Amino acid sequence: MNSPKPVHRVLFVCHGNICRSPSAEFIFKDIVKNRRVESDYKIESAATSNDEIWNGIGSPVYPQAAELLKRHGIACEGKRARKMVKSDYDNFDLLLGMDNANISEMKRIAGGDGDHKIHLLLEYTNNPHEISDPWYTRDFEKAYSEINQGCEALFIKLNSLGSLQSVQILFLTSLLLEVPVARGFSVYCLNFCF
């Protein structure tokens with residue numbers, strides 16, 4: 001008997017696929033496992049470059065990133081860097097980069113983003129911004145914390161919306177609304193459906 005197709009197909013992407021994106025992959029896998037919805041998800045990670053792929057063999061998760069995952073009870077053994085390919089755009093519903101350089105390269109590899117599938121991971125949080133590469137900053141704790149926050153927010157939003165197609169529609173139709181609160185005061189609501 002065939003397994004049902006996953007409802008959510010998510011690809012995390014960073015420059016080398018040895019620090020941020022594999023951390024996101026395994027943190028998110030841990031989140032869905034703990035909530036007993038693993039069969040609803042296909043989760044992988046990839047790189048925008050070949051920097052960590054030698055003679056066709058990808059590097060393992062960077063030791064500091066792997067150690068940090070391990071301290072949080074998350075295993076990542078066997079993971080090897082791989083490069084994002086054009087077909088990933090068709091094979092995943094959501095492709096999440098860690099910084100704007102990743103986003104640019106992801107769009108280049110995919111040949112554009114006509115279906116609006118490519119986003120920053122932290123777009124799903126209350127504090128959207130880029131996640132700095134700990135390879136350069138050496139701040140693996142900060143990167144882990146931001147990735148974890150992004151993954152938790154992503155999980156909540158995906159499960160409150162039901163499907164990634166809903167997420168894509170909402171990104172396309174997000175409006176800036178002015179909502180009167182009290183005499184002379186207004187608040188602005190972005191992405192009000194979230």
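Non-local amide H neighbours of Gly16 (under 5 Å, H modeled in plane, Pro and chain starts lacking H): which ones?
Here Thr48 satisfy the definition.
What is the packing order of peptides 128-136, 21-29, taking the mean over residues of other C-beta atoms within 10 Å and listing the highest first?
On the way: 128-136: 17.1, 21-29: 26.8.
Result, highest mean Cβ count within 10 Å first: 21-29, 128-136.
Could I have the simple spin-label model distance between Asn126 and Ser160, label points 7 Å from Cα toward Cβ, reported in nm to one decimal?
1.1 nm
Within 10 Å, Cβ to Cβ, of Tyr124, how many net charges do the neighbouring residues add up to if Lys/Arg are +1 and Asp/Glu are -1? Walk me through the intermediate numbers first.
Working: positive: Lys157; negative: Glu123, Glu152.
So the environment of Tyr124 carries a net charge of -1.
Please report the Cα spread of segment 1-97 along all three principal axes, rounded to whole Å, starting with the longest.
So the extents along the principal axes, rounded to whole Å, are 37, 34, 26.
Sorted by average packing, counted as other Cβ atoms within 10 angstrom per residue and highest first, what order do 102-113, 6-17 take?
Ranking the peptides 102-113, 6-17 by packing returns 6-17, 102-113.
Counting only heavy atoms of the protein chains, get the accessible area per residue of segment 1-99 (1.4 Å probe) and round it to a whole Å² value.
Working: 4880 Å² over 99 residues.
About 49 Å² of surface per residue is accessible.
Give me the distance in nm between label points sitting 7 Å out from Cα along the Cα-to-Cβ direction at Trp54 and Ala75, one decimal.
Each label point lies 7 Å from its Cα, and together they span 2.6 nm.
Percent relative contact order of segment 1-84, based on C-alpha pairs within less than 8 angstrom and at least six residues apart? Please list the in-between numbers first.
Working: 143 pairs, mean separation 30.9, N = 84.
Result for segment 1-84 is 37 percent.
Taking the Cβ-Cβ separation of Gln64 and Lys42 as r and a Förster radius of 25 Å, what is the calculated FRET efficiency to the nearest 0.05?
On the way: r = 27 Å, r/R0 = 1.09.
Rounded to the nearest 0.05, the efficiency is 0.35.
What full-extension length gain, to one decimal in nm, is calculated for Asp115 and Lys142 as 0.36 nm per residue of separation minus the Cα-Cα distance?
Details: separation 27, 0.36 × 27 = 9.72 nm, distance 3.14 nm.
Extra length available between Asp115 and Lys142 comes to 6.6 nm.
Add +1 for every Lys or Arg and -1 for every Asp or Glu among the other residues with Cβ under 14 Å from the Cβ of Ala101, and state the total.
Working: positive: Arg20, Lys107, Arg108; negative: Asp51, Asp99, Glu105, Glu130, Asp133.
Charge balance near Ala101 sits at -2.
The values are calculated or read from the model by the stated rules, or taken from the named source; none is laboratory data. Owing to the predicted nature of the structure, the values given are computational and were not obtained by experimental measurement. Reconstructed Cβ throughout: ideal geometry from the backbone, glycine too, with neighbour counts over all protein chains shown. Please note that ligands, DNA and RNA were not included when accessible areas were found on the heavy atoms of the full protein model with its side chains. Shrake-Rupley method; radii C 1.70, N 1.55, O 1.52, S 1.80 Å.
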